[in-house]
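The values are calculated or read from the model by the stated rules, or taken from the named source; none is laboratory data. Owing to the predicted nature of the structure, the values given are computational and were not obtained by experimental measurement. Here Cβ is always computed from backbone atoms with ideal geometry, including for glycine, and neighbour counts include all displayed protein chains. Heavy atoms of the whole protein, side chains included, go into the accessibility calculation; ligands, DNA and RNA do not. Shrake-Rupley method; radii C 1.70, N 1.55, O 1.52, S 1.80 Å.
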Amino acid sequence: MDSYDVVVVGGGHNALVAAAYLARAGRSVLVLEKLDHVGGAAVSEQVFPGVPARLSRYSYLVSLLPDRVVADLGLRLSLRSRAVASYTPHGRGGLLVERTPGEATAASFRELTGSDAEWRRWRRWYDELADLAGVLAPTLLEPLESRERTRRRVEAAGLARVWEQVFERPLGEALRELFTDDLVRGVAATDGLIGTHTSLDDLRANRCFLYHVIGNGTGEWRVPVGGMGAVTAELARAAREAGARIVTGAEVSRVDADGVSAEVEFGDRVVGARFVLSGVAPAVLDSLRGKEVRRVAEGSQLKVNMLLRKLPRLRGGIDPRLAFAGTLHLAESYGQLETAYRESAAGRVPSVLPAEMYCHTLTDPSILAPEQARRGWHTLTLFGLHTPAALFERDNDGLREHLVGRYLSALDEHLVEPIEECLAVDADGRPCVEARTPLDLEAELGLPRGNIFHDELAWPFAETRDEVGRWGVETDVANLLLCGSGARRGGAVSGIGGHNAAMAVLSPQPRRQVLPMPPPGSA
């Protein structure tokens, strides 16, 4: 039986990060991926028959990937800033938020609210969140601190108010106090709901919000040049060049680990290992270990990929190259978001569908064929909120098609011309529109219930005394570790779970802190 220092189950981006670090440290590493390619959700594919554009089919932006990981692994990546943070059409025009807010943003707030007061509150809030990002981001690549120590870090930076707003009280409560305008509240709230099915008055929204605003110390969501597949290709290169062996088409069927040694079965083969790292969701790992599998949190998103012959014009008169360059919000006022949650939690398709959109090719046209780029073609990505997996169980295909129609109709309300008139067609003459539901993600990528985070997101600090000084990747067996999005501080395209699992292998003794922990049951 062949044996390795480390066998990594799954070949997603986190798994490749772990493999690269460990192989560079001299460990023998085998990565096993069931699909015929690595990358998991971080891939680029030719989605439409006969149309050579390569879209980021699932995940599509990068925020949490630390510069330190890029430098450590020698990744040759280009991540570009978008010209605009967001644009939200409304009855009187639209709320424009520039990436570096200036007079155009101030004027947009003034037009919406009638004064500069809301803009001043917005600017203060996001300045404080930027300071919070600078404090917390470096800790994501270190052993877990206690909640109390993290709080002291934040308060020492003069951010006691922000600590209370983000960590102690529901996000919705803080936003209702901070802002008076319902649309402004909603634009701020959406980062708490990406892929997360919850009310804004639940701390689950806070955790989702936190990870969306602290990435890499800035919270900026950047466009990967070449698409998400370029990120995966670089990680795979780094792992292979360091000596890791990557095997695709290798579906793991069994994982056994006893704390000292381990066995992994795939196909008709069994390999031994000192450590097993799991890049698959914890629920999938439980199944591979023969353990009872608990139900995970619902995935709650519908992603629509489109290819356009031209960008549509907006009724508000704004240049579509501005409106679609950042995140364009649809039906995402605070009240609309909460109503959509309540309706979907009751098992009903929301009466109004919150969604956000962006155009990759306004920042990076390289994913198009040269002729398409010259002719002004563009991609368009829509990400729908509050569409949990349970809604699709009765008729996944039918509801998917129904929702795509509704989303496009909702977009048409803000356009001079219907979006259908802007769509390209594939080799069979069909509009270039593709959608993926949570159940599709479960079937295609093995994400339980289509949850893009593998399960509930957790705070980026220790929540029990035993976790202090550990890496947030540990399981009940010492030589079986999580390296994917299901690890504490995992989620999104970050590589953090992979880095921390590798560090747990290379420095397995936990570093303890003698610091107070919160009482049991505290938030």
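When +1 charges are put on Lys and Arg Cβ atoms and -1 charges on Asp and Glu Cβ atoms, the dipole computed for the chain relative to its Cα centre reaches about 1000 debye. Extension gain for D127-K310 works out to 62.3 nm (0.36 nm per residue, less the C-alpha to C-alpha distance). Taking 16 Å as the cut-off, the amide N atoms of segment 195-220 that come nearer than this to a point 7 Å along the Cα-to-beta-carbon line of A157 belong to 209-220. In order along segment 362-378, phi translates into HN-Hα couplings of 5, 9, 9, x, 5, 7, 8, 5, x, 5, 4, 4, 5, 8, x, 6, 8 Hz, rounded to whole numbers, per the Karplus curve 6.51 cos²θ - 1.76 cosθ + 1.60 with θ = phi - 60° and x for Gly and Pro. Using a 1.4 Å probe over the heavy atoms of the protein chains, calculate the carbon and sulfur portion of the accessible area of segment 356-413 as a whole percent. Carbon with sulfur: 48 percent of the solvent-accessible area. The length gained on full extension between S253 and D182, counted as 0.36 nm times the residue separation minus their Cα-Cα distance, comes to 20.6 nm. Note on segment 202-353: with neighbouring protein chains present and a 1.4 Å probe, carbon and sulfur make up 46 percent of its accessible heavy-atom surface.
With contacts taken as Cα pairs under 8 Å at a separation of at least 6 residues, segment 122-213 carries a relative contact order of 25 percent.
Ignoring everything but the protein chains, give the 1.4 Å probe accessible area of R375 in square angstrom, nearest 10. That residue has around 140 Å² of solvent-accessible surface. Loop-located chymotrypsin sites (Phe, Trp or Tyr not before Pro) in segment 47-124 (DSSP state other than H, G, I, E, B) with a sparse environment of at most 11 neighbouring Cβ atoms within 10 Å are absent.
Within the shell defined by Cβ-Cβ distances under 12 Å, the residues around S351 carry a net charge of +2, with Lys and Arg each +1 and Asp and Glu each -1.
Between segment 175-239 and segment 27-98, the C-alpha centres lie 13 angstrom from each other. Scalar couplings 3J(HN,Hα) for segment 482-491, obtained by applying the Karplus form with A = 6.51, B = -1.76, C = 1.60 to θ = phi - 60°, are 8, 10, x, 5, x, 6, 4, 6, x, x Hz; x denotes Gly and Pro. Placing unit charges on the Cβ atoms only, positive for Lys and Arg and negative for Asp and Glu, gives segment 1-135 a dipole magnitude near 240 debye about its Cα centre. For the chain, build the charge dipole from Cβ charges (+1 Lys, Arg; -1 Asp, Glu) around the Cα centre, then report which of G279, G290, V166 sits farthest towards its positive end. Going by the charge dipole, the pick is V166. Were the residues from T464 through E103 laid out at 0.36 nm apart, the gain over their Cα-Cα distance would be 125.3 nm.
Checking (i) 23.6; (ii) 25.2; (iii) 26.1 against the coordinates, the calculated Kirkwood radius over Cα pairs in Å falls under label (i). Placing a pseudo-label 7 Å from each Cα along the Cα-to-Cβ vector at E241 and D202 gives an inter-label distance of 4.4 nm. Within the assembled protein chains, the solvent-accessible surface assigned to V270 is about 50 Å², based on a 1.4 Å probe. Using the Cβ of A487 as centre and a radius below 13 Å, the other residues enclosed give a net charge of -1, where K and R count +1 and D and E count -1.
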